[in-house]
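> If you scroll down you'll find the structure; I have some questions about it.
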């Protein structure tokens, strides 16, 4: 299976980062093929040996299966009662292991000591946001004793709080591909957000524990009979015939919701949780995949490693303050149906194919009550990773006001455009004010925004960038382009460097050329370097000054 463009960019960026770093991170949303991306990287480092760490059985099976089915790479599994063959003459080129198995054991006899860190060239950490915990980090530190080991972390959109912690575990971020990027590029289906107000749903007394709503407190609210019936009845009113996943906070809530759904229509719903026997779980999932049951309630068991593209609706019966958890939950519905976008070369073609398919969008259903002091996550938060907080707030307000499905990607784009227009209006007003104050001057040197010239939106400051610095060589590139790096965050510096190199490859005009020409109200958006140079020569000749 060929790599998609964003996967190719991620792979190449990883190898660039490894030129002077041991560890780096790739961020990409659920449904965009993170497993395929890191399997490609494993293939490229062979004959070096690789270790893949994951924390769930589903993720281990997914990596193990993908390595063989798509890359014909043999792997061993190290998990619980499964043991990788470590005989030097017959061992597999890849070990896929449970991280819990790696650190399990007493008196320092954990399973990771079966392995020699120097035997591995690459360590892949799946769902890397979990590895900020001391136990998981202990495993990483053991293998990082090998100074030649390269470490790759992959994760979907993490919490903003997680970003800082990830910055302490991984030296750099090679690639960030947001959910909104994937929707705009036609790889994921658009998101519709619908918020349903339920009278009596009150989170104001729910405590916060470890950054999220306290489980016991939240369960008490969500298990209340009135709230259960409110969630069930509004869900049935909204979903129609859509295949629906319901996420709950407790076993009781999942079981009771399935029971209530089935009162309305027998056998329309089922439920499962972590202790559901494996054979029964497989049967439940098969029935759901085949459409024999329309609604499947689960208690956190399907947040990671579950792939069913037919899911059209997510019912968020487990409100959260965690952006990462909410993104994982919503990601279960964002994949297009199989075969819809494969082989199409342009974003417009893919988006049109999705729009014409039986699954043109994904519906995310949230329940609104009294949030109290809590800031609960919505789709705007997970889609707006690169956008301003003001745009996110505007989009959420619109969704709450309408009470109907709202295309959140379009609403966020609209809000961001309006905010940018307002910022431009204020800039022009301020420039006019300053011009009036300095009317006696013959000429006013104006500072031109490099993001404006390059046609990109400045990246928000990410937590993993704290304390990071670009190299002196990279700093020199920005300075030669007329950009002061000291006024930019690390992420913005990297963003501009990528845009500058892309511009150079296309032989477009430089930032300095654009600055000079824009002062004379000349549109530089499509000018090549040579065209800009000719215009500057013409201006220099007309105004009687020499180019330097």
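> Taking region 462-473 on its own, how many of its residues are touching a helix residue (DSSP H, G or I) at 6+ places or on another chain (Cβ under 6 Å) and either in a helix (DSSP H, G or I) or at pLDDT 85 or above (or both)?
The qualifying residues number 4.
> Would a scan of region 436-451 turn up a residue that is at pLDDT below 85, closer than 30 Å to residue 384 by Cβ, within 26 Å of the chain's Cα centre (by Cα) and exposed (fewer than 15 other Cβ atoms within 10 Å of the Cβ)?
no
> Can you tell me how many residues in region 452-462 are under 19 Å from the mean Cα position of the chain (by Cα) and buried (at least 17 other Cβ atoms within 10 Å of the Cβ)?
3
> I'm checking my understanding of the structure. Among residues of region 266-284 that are surrounded by fewer than 16 Cβ atoms within 10 Å (Cβ to Cβ) and within 22 Å of residue 222 (Cα to Cα), which one is modelled with the lowest pLDDT?
Ranking the qualifying residues of region 266-284, first place goes to 274.
> In this structure, does residue 200 turn out to be surrounded by fewer than 18 Cβ atoms within 10 Å (Cβ to Cβ), within 30 Å of residue 467 (Cα to Cα) and in contact (Cβ under 8 Å) with a residue 12 or more places away in the chain?
Here the answer is no, as residue 200 does not meet what is asked.
> Considering only residues that are in a helix (DSSP H, G or I) and either at pLDDT 95 or above or within 19 Å of the chain's Cα centre (by Cα) (or both), which ones fall in region 40-59?
The initial filter retains those residues of region 40-59 that are in a helix (DSSP H, G or I), namely 40-45, 57-59.
Across region 40-59, the qualifying residues are 40, 41, 42, 43, 44, 45, 59.
> Given the conditions (1) assigned to a helix (DSSP H, G or I); (2) without any contact (Cβ under 8 Å) to a residue 40 or more places away in the chain; (3) closer than 30 Å to residue 346 by Cα, which single one is not true for residue 118?
(3)
> Could you list, in sequence order, all residues of region 12-39 that are surrounded by 20 or more Cβ atoms within 10 Å (Cβ to Cβ) and either over 22 Å from residue 333 (Cβ atoms) or more than 19 Å from the chain's Cα centre (by Cα) (or both)?
Within region 12-39, 14, 17, 18, 23, 24, 25, 26, 38, 39 qualify.
> Here is a follow-up. State yes or no: is residue 296 crowded, with 20+ Cβ neighbours inside 10 Å and in contact with a helix residue (DSSP H, G or I) (Cβ under 6 Å, 6 or more places away or on another chain)? Outline the logic, then answer.
Numbers: crowded, with 20+ Cβ neighbours inside 10 Å: yes; in contact with a helix residue (DSSP H, G or I) (Cβ under 6 Å, 6 or more places away or on another chain): yes.
So residue 296 passes the test.
> Checking the structure you have, find out if any residue of region 151-172 is in a helix (DSSP H, G or I) and at pLDDT 95 or above. Spell out how you get there, then give the answer.
Within region 151-172, the first condition is being in a helix (DSSP H, G or I), and the residues that meet it are 160-169.
Pick out the ones that are also at pLDDT 95 or above and you get none.
Scanning region 151-172 turns up no residue that is in a helix (DSSP H, G or I) and at pLDDT 95 or above.
> Restricting region 466-477 to residues that are surrounded by 12 or more Cβ atoms within 10 Å (Cβ to Cβ) and within 30 Å of residue 525 (Cα to Cα), which is farthest from the chain's Cα centre (by Cα)?
476
> Have a look at 394, 420 and point out the one that is surrounded by 12 or more Cβ atoms within 10 Å (Cβ to Cβ), farther than 19 Å from residue 203 by Cβ and outside the structural domain of residue 312 (by TED's automatic domain parsing).
None of the others qualify; the one that does is 420.
> Scan region 90-99 and give yes if some residue there is modelled with pLDDT under 90 and assigned to a loop (DSSP other than H, G, I, E, B), otherwise no.
Yes, that holds for at least one residue.
> Test residue 124 against the criterion of being under 30 Å from residue 459 (Cβ atoms) and over 14 Å from the mean Cα position of the chain (by Cα), and give yes or no.
Judged against the criteria, residue 124 is a match.
> Another question, if that's okay. How many residues, within region 310-367, are farther than 14 Å from residue 192 by Cβ and either surrounded by fewer than 23 Cβ atoms within 10 Å (Cβ to Cβ) or in contact (Cβ under 8 Å) with a residue 60 or more places away in the chain (or both)? Before the answer, list the steps.
To start, the set of residues in region 310-367 that are farther than 14 Å from residue 192 by Cβ comprises 310, 317-329, 331-332, 335-353, 356-358, 367.
Okay, now just the ones that are also either surrounded by fewer than 23 Cβ atoms within 10 Å (Cβ to Cβ) or in contact (Cβ under 8 Å) with a residue 60 or more places away in the chain (or both), so 310, 317-325, 327-329, 331-332, 335-353, 356-358, 367.
Qualifying residue count for the region: 38.
> Quick check on region 496-526: of everything there that is in a helix (DSSP H, G or I) and touching a residue at least 40 places away in the same chain (Cβ under 8 Å), which residue is farthest from the chain's Cα centre (by Cα)?
So, considering only residues that are in a helix (DSSP H, G or I) and touching a residue at least 40 places away in the same chain (Cβ under 8 Å), the one farthest from the chain's Cα centre (by Cα) is 518.
> Going through region 92-111 one residue at a time, which ones are touching a residue at least 24 places away in the same chain (Cβ under 8 Å) and either outside the structural domain of residue 25 (by TED's automatic domain parsing) or under 22 Å from residue 73 (Cβ atoms) (or both)?
If the condition is that a residue be touching a residue at least 24 places away in the same chain (Cβ under 8 Å) and either outside the structural domain of residue 25 (by TED's automatic domain parsing) or under 22 Å from residue 73 (Cβ atoms) (or both), then 93, 94, 95, 96, 97, 98, 99, 102 are the ones that fit.
> Let me ask you something else. Read through the list (1) touching a helix residue (DSSP H, G or I) at 6+ places or on another chain (Cβ under 6 Å); (2) within 20 Å of residue 462 (Cβ to Cβ), then give the number of the only condition that residue 398 fails.
(2) is the only condition that residue 398 fails.
> Identify all residues within region 373-389 that are surrounded by fewer than 14 Cβ atoms within 10 Å (Cβ to Cβ) and within 21 Å of the chain's Cα centre (by Cα); write none if there are none. Break it down stepwise before answering.
Filtering region 373-389 for residues surrounded by fewer than 14 Cβ atoms within 10 Å (Cβ to Cβ) gives 373, 375, 389.
Correct list: 375, 389.
> Then there's this: Of these, 544, 482, 491, which one is surrounded by fewer than 11 Cβ atoms within 10 Å (Cβ to Cβ) and either at positive phi or under 26 Å from the mean Cα position of the chain (by Cα) (or both)?
Residue meeting the stated conditions: 544.
The values are calculated or read from the model by the stated rules, or taken from the named source; none is laboratory data. For clarity, every value in this text was computed on a predicted model and none was experimentally measured. No Cβ is skipped: glycine too gets one built from the backbone with ideal geometry, and neighbour counts run over all protein chains shown.
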